[in-house]
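The structure under discussion appears below in the form of structure tokens.
Each reported figure results from applying straightforward, stated rules to the coordinates on display, with no laboratory input. Remember, predicted model here, so these are calculated numbers, not experimental data. Quick reminder, even Gly has a Cβ in these numbers, built from the backbone with ideal geometry, and neighbours come from all protein chains shown.
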Amino acid sequence: MSSPFRRVKSVEQSITDTDEPDTRLRKDLTSWDLTVFGVAVVVGAGIFTLTARTAGNLAGPSVSLAFVLAAIACGLAALCYAEFASTVPVAGSAYTFTFATFGEFIAWIIGWDLILEFALAASVVAKGWSLYLGNILGASASIEITDSISFDWGAVLLIAVLTVLLALGTKLSSRVSLVITTIKVFVVLLVIVVGAFYISAKNYDPFVPPAAPPAEGESGLHQTLFSAITGAEGSTFGWYGLLAAASLVFFAFIGFDVVATTAEETKNPQKAMPRGILGSLAIVTVLYVGVSLVVSGMVPYPELADRTDPATGEVSGSTLTTAFEYHGVTWAGWVINLGALAGLTTVVMVLMLGQTRVGFAMARDGLLPRSLARTGKRGTPVRFTILVGVVSGVLAAFFPMGTLEEMVNIGTLFAFVLVSVGVIVLRRTRPDLERGFRVPLVPLVPILSILACLWLMLNLSVETWIRFVVWMVLGVVIYFAYGYRKSVYARRERGELVGEADASAPGVAAEDGPSRGS
């Protein structure tokens with residue numbers, strides 16, 4: 001069989017595959033729907049918890065600058081995503097884009113990488129939703145089975161409801177998302193407006209606190225890769241702390257790329273995709289910077305640091321509620337819990353949507369079982385949606401996820417790097433393609449995107465890098481054990497798809513026939 005690096009699926013073939021009757025998605029979405037999805041998945045619990053924790057533990061008042069740095073990296077990558085999504089309006093996002101530029105093997109790698117981003121993130125966020133539900137109910141949303149195992153019924157309930165909602169249709173999901181997103185954006189704006197009255201200028205001085213000695217455990221595998229390479233002593237406060245904070249708060253921006261996974265279900269993807277991706281990113285950046293400026297101005301940043309209970313040794317992190325309680329505004333806690341609950345609901349839904357669409361695209365290409373790519377009467381991949389719901393539910397129900405923000409971050413940044421490289425490659429290999437949106441100043445902007453993402457990756461911990469490499473190696477093993485032989489491309493080479501090959505198999509960009517414009 002041919003090399004997996006030469007199995008390049010042409011853009012034309014990718015678009016042709018979307019017309020298969022059994023695997024066709026319904027085109028219902030507009031640019032407004034896409035913007036709602038983007039804001040829905042990005043504005044989650046991170047804005048209520050990550051902002052305060054990062055200010056207290058890593059960056060101080062400069063946490064707002066950390067959000068700006070992370071937003072710049074995301075903005076550069078967003079331009080590249082917008083060009084690809086308008087050029088290749090097919091489900092799968094970065095997976096589909098890399099198949100059209102780098103071939104089947106790299107496409108599998110990025111698909112495997114996106115599974116890490118979406119599936120794990122959805123499960124972790126569902127557990128966070130359950131905690132906020134417990135806060136509102138005044139009781140835990142989980143049941144202790146043994147001393148070490150508990151059943152998180154709150155997370156399972158959320159995932160079950162969202163699975164049914166996604167199976168019923170993407171447009172219905174968008175309408176529900178709009179209602180819930182409106183609630184959480186209102187809560188965020190309320191926090192900014194009310195909190196602004198308690199800002200004290202002295203809390204911004206120093207804006208970048210002096211570097212502190214490394215905390216216990218912040219060395220070896222737990223220090224950032226950049227600190228390990230340069231020999232810097234820790235990454236708490238100072239400029240190293242600011243850089244580490246930018247890499248951490250990047251987690252709060254994860255999700256805008258999910259918008260690209262719905263390209264195949266968009267009515268006018270050439271115009272709607274760029275508007276949805278860039279519009280949602282601009283909105284959430286303003287909200288994040290606003291909240292970070294307010295919370296760091298309300299209280300001295302040491303008051304936001306993690307606290308350890310001397311009796312139990314349990315560590316508790318600060319939230320936006322901490323800043324309001326400092327001023328005796330106790331009612332804000334209930335409002336923030338409500339906003340976080342609403343925020344997490346849409347985050348889990350859109351993460352599951354993204355995972356479903358990426359898996360659907362991989363199954364349609366045979367890298368996962370083809371039966372999972374069947375769509376129901378409502379034009380949604382019901383089988384894969386149910387599979388994602390079951391797996392996410394089991395993970396959220398029984399497994400203590402711990403802190404997976406960095407694992408999700410490194411997977412997302414890796415996807416951003418490949419998409420940015422892909423824009424440069426496709427500009428050279430297929431300059432004839434019609435592009436609804438074009439990244440300005442190519443190759444400068446994609447190169448800046450690559451460098452920014454690699455920089456943020458360097459500021460993640462050594463431990464995270466090791467786990468990421470192990471995950472990627474596992475993906476390579478699975479590909480050569482299954483996908484390499486079972487893919488539609490491989491079966492076509494062996495002549496096993498006679499009669500349906502032209503309708504469902506990927507074409508070779510330059511070898512199987514002339515491409516458009518050649």
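Its residue count N fixes a reference of 2.2 N^0.38 Å for the stretch 12-95, and the Cα radius of gyration divided by that reference is 1.52. By the count of other C-beta atoms within 10 Å, a proxy for reagent exposure, F237, F197 are ordered fewest to most as F197, F237. If the chain linking L454 and I136 were pulled fully straight, counting 0.36 nm for each residue of separation and taking away their Cα-Cα distance, it would gain 110.5 nm.
Taking the stretch 97-126 and a reference point 7 angstrom along Cα→Cβ of V161, the backbone N atoms nearer than 19 Å belong to 122-126. The modelled label-to-label distance between I447 and F207, using points 7 Å beyond Cα along the C-beta direction, is 3.0 nm.
Could you give the length gained on full extension between F151 and K267, defined as 0.36 nm per residue of separation minus the Cα-Cα distance, in nm? Write out the running numbers ahead of the final one.
Values: separation 116, 0.36 × 116 = 41.76 nm, distance 4.14 nm.
Result: 37.6 nm gained on full extension.
For the stretch 49-162, the residue among L137, F97, V156 whose Cα projects farthest onto the positive side of the dipole built from Cβ charges is L137. Backbone amide hydrogens, once placed in the peptide plane, bring F151 within less than 5 Å of I143, E144, I145, excluding anything fewer than 5 places away on its chain. Computed from label points 7 Å out along Cα-Cβ, the spacing between R374 and S3 is 3.8 nm. Each label was represented as a point 7 Å from its Cα along the Cα-to-Cβ direction; for E434 and I199 these points are 4.7 nm apart.
Set the bar at 27 Å for Cα to Cα. Now go through K27/K486; K9/K271; K171/K271; K9/K267; K127/K184; K127/K377 and name every pair that lies beyond it. Flagged as over cut-off: K27/K486; K127/K377. Based on the Kirkwood radius over alpha-carbon pairs, what value in µm²/s does the Stokes-Einstein equation return for the translational diffusion coefficient of the stretch 62-131 at 25 °C and 0.890 mPa s? The Stokes-Einstein estimate is 173 µm²/s.
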